[in-house]
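> Dumping the structure here so I can ask a few things about it.
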Amino acid sequence: MKWEIATIQSELVGPWKICGSEVNSKEIIYIKATKGEFTGVGEVTYGSKETMDIETLKQDLENFSYAYKDVHVAQFNEMARFLETIDFECKRIRFAIEAAFLDYLAKATEIPPWRIIGTNTIKSVNSFSSISLFESSEEGKDLMESASKAEMYKLKISKDTFSNQLDFINQLTIPFCLDANESWGSDVDGVLSALKQITNDKVLFVEQPLERMCLEGYRRLKKESNIEIFLDETVQDHKHLNVFVDLCHGIVIKAPKSLSVMRVVSQMDQAKKLGLKTMLGCMVESNVGIATLFSVAYGFDYYDFDGFTKLKTDDSDRVFWDNGKVVLSSMN
């Protein structure tokens with residue numbers, strides 16, 4: 001099997017701002033696995049505050065390819081076990097390799113990805129439509145009018161801009177959540193004060209207001225906050241989620257951060273058993289990355305799948321946006 005990296009540079013439909021970062025374009029990074037007439041594709045996805053070094057990825061893929069030549073891997077579970085033995089410099093590439101191999105198997109065998117890995121099928125999800133960080137009600141209205149239309153929205157907020165965003169937040173008439181991207185640091189009192197000013201009962205939850213390792217702060221927030229708290233950056237690839245019961249009401253699982261397809265499934269199952277709500281999230285990524293998520297998407301409470309709508313150009317059409325629904329093209 002031939003393994004290779006391919007990249008494209010895509011402009012965004014508009015500036016994408018979150019606390020601590022603003023981007024106007026995105027380098028889309030694909031991992032391709034080819035054997036015979038079939039090519040599987042996975043995506044190395046990364047956040048707006050992150051960068052990917054292509055040379056490091058190439059070296060990781062070269063090392064993997066060299067080791068891969070000496071093993072017999074025919075099934076997805078065999079690939080997953082083999083990848084456990086590889087020490088990647090850039091750990092995000094692992095999920096992309098898995099995704100490419102799963103895509104290859106699906107094309108070569110004509111068996112759907114969800115059936116290959118033993119999950120349930122799902123062909124569409126109701127997704128949040130995300131709104132970039134804004135600094136006034138007027139800017140918020142403009143961003144919402146230009147955003148992909150949906151039944152639920154996700155608003156980026158920050159400690160510095162919150163007071164200027166509050167009127168807009170309290171006037172919303174549709175369900176929404178807030179994402180602070182760790183903006184309040186360790187300021188628990190500041191978060192509690194801010195959330196108490198939100199009088200809009202349409203708010204569903206606030207995501208990651210404190211820095212990821214402020215565990216005692218989150219423990220206090222869960223007890224005292226008038227709005228449910230979800231954790232994202234804190235979750236990563238944790239195998240055991242028991243500790244999160246005391247820290248939050250729900251977790252955001254992002255497949256590339258979980259590092260493997262089946263870790264996503266395991267994390268979701270654990271969260272459900274522990275009474276935590278779940279959201280399957282994405283980053284600004286292409287159709288390819290979003291389509292991969294459908295193989296593990298069944299059973300989540302919320303979905304944030306709108307990352308591909310932020311790209312001005314996308315060379316794939318594996319999913320499409322339909323007024324808040326993200327639909328898998330291959331099942332229509």
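The values are calculated or read from the model by the stated rules, or taken from the named source; none is laboratory data. Here the structure is a predicted model, which means the values were calculated and not measured. Using ideal geometry, Cβ is built from the backbone for each residue, glycine included, and neighbour counts are taken over all protein chains shown.
> Return the only residue of Leu57, Leu155 being buried (at least 21 other Cβ atoms within 10 Å of the Cβ), in contact (Cβ under 8 Å) with a residue 12 or more places away in the chain, over 28 Å from Met279 (Cα atoms) and within 22 Å of the chain's Cα centre (by Cα).
Selected residue: Leu57, the only one of Leu57, Leu155 that is buried (at least 21 other Cβ atoms within 10 Å of the Cβ), in contact (Cβ under 8 Å) with a residue 12 or more places away in the chain, over 28 Å from Met279 (Cα atoms) and within 22 Å of the chain's Cα centre (by Cα).
> In region 86-113, how many residues are surrounded by fewer than 19 Cβ atoms within 10 Å (Cβ to Cβ), assigned to a helix (DSSP H, G or I) and touching a residue at least 24 places away in the same chain (Cβ under 8 Å)?
Residues meeting the conditions: 2.
> Determine if region 71-85 includes at least one residue that is part of a loop (DSSP other than H, G, I, E, B) and closer than 26 Å to Val284 by Cβ.
no
> Yes or no: region 191-201 includes at least one residue that is surrounded by 21 or more Cβ atoms within 10 Å (Cβ to Cβ) and acidic (Asp, Glu).
For region 191-201, residues surrounded by 21 or more Cβ atoms within 10 Å (Cβ to Cβ) and acidic (Asp, Glu): absent.
> Looking at Ser330, Ser316 in this structure, which one is of a type in the set (S, T, N, Q) and not in a loop (DSSP other than H, G, I, E, B)?
Every option except Ser330 fails the conditions.
> Given the conditions (1) in a loop (DSSP other than H, G, I, E, B); (2) of a type in the set (Lys, Arg); (3) surrounded by 14 or more Cβ atoms within 10 Å (Cβ to Cβ), which single one is not true for Lys149?
All conditions are met except number (3).
> Please work out if Phe308 is in a helix (DSSP H, G or I), assigned by TED's automatic domain parsing to the domain that holds Lys277, closer than 23 Å to Val23 by Cα and under 15 Å from the mean Cα position of the chain (by Cα).
Criteria met by Phe308.
> Could you tell me which residue of region 134-154 is nearest to Gly20 (Cα to Cα), considering only residues that are of a type in the set (A, V, I, L, M, F, W, C) and out of contact with any helix residue (DSSP H, G or I) (no Cβ under 7 Å at 6 or more places or on another chain)?
Leu143
> Scan region 7-23 and tell me whether some residue there is crowded, with 18+ Cβ neighbours inside 10 Å and more than 28 Å from Ala147 (Cα to Cα).
No; the residues of region 7-23 include none that is crowded, with 18+ Cβ neighbours inside 10 Å and more than 28 Å from Ala147 (Cα to Cα).
> Of everything in region 300-332 that's among the acidic types (Asp, Glu) and under 22 Å from Ile28 (Cα atoms), which residue is surrounded by the most Cβ atoms within 10 Å (Cβ to Cβ)?
Restricting to residues being among the acidic types (Asp, Glu) and under 22 Å from Ile28 (Cα atoms), the top hit is Asp304.
> Okay, next question. Within region 188-216, can you find the residues that are over 24 Å from the mean Cα position of the chain (by Cα) and either of a type outside the set (A, V, I, L, M, F, W, C) or within 21 Å of Leu280 (Cβ to Cβ) (or both)?
Within region 188-216, Asp189, Gly190, Ser193, Lys196, Gln197, Thr199, Asn200, Asp201, Glu216 meet the criteria.
> Looking at this structure, is Thr34 surrounded by fewer than 18 Cβ atoms within 10 Å (Cβ to Cβ) and modelled with pLDDT of 95 or more?
It is true that Thr34 is surrounded by fewer than 18 Cβ atoms within 10 Å (Cβ to Cβ) and modelled with pLDDT of 95 or more.
> Please find, among Ile227, Ile290, the residue that is among the β-branched types (Val, Ile, Thr), touching a residue at least 12 places away in the same chain (Cβ under 8 Å), under 30 Å from Thr85 (Cβ atoms) and in the same structural domain as Gly190 (by TED's automatic domain parsing).
After ruling out the rest, the residue left standing is Ile290.
> Now for a different question. Kindly evaluate Asp315 against the criterion of being over 16 Å from Ser130 (Cβ atoms), of a type in the set (Asp, Glu) and touching a strand residue (DSSP E or B) at 6+ places or on another chain (Cβ under 8 Å).
Against the criterion (over 16 Å from Ser130 (Cβ atoms), of a type in the set (Asp, Glu) and touching a strand residue (DSSP E or B) at 6+ places or on another chain (Cβ under 8 Å)), Asp315 qualifies.
> How about region 60-71: which of its residues are over 15 Å from Ile31 (Cβ atoms) and free of Cβ contacts under 8 Å to residues at least 12 places away in the same chain?
Hits for region 60-71 are Tyr66, Lys69, Asp70, Val71.
> From the list Val264, Val284, which residue is under 14 Å from the mean Cα position of the chain (by Cα) and assigned to a helix (DSSP H, G or I)?
Val264
> Is region 241-248 home to any residue that is under 19 Å from Ser48 (Cα atoms) and not in a helix (DSSP H, G or I)?
no
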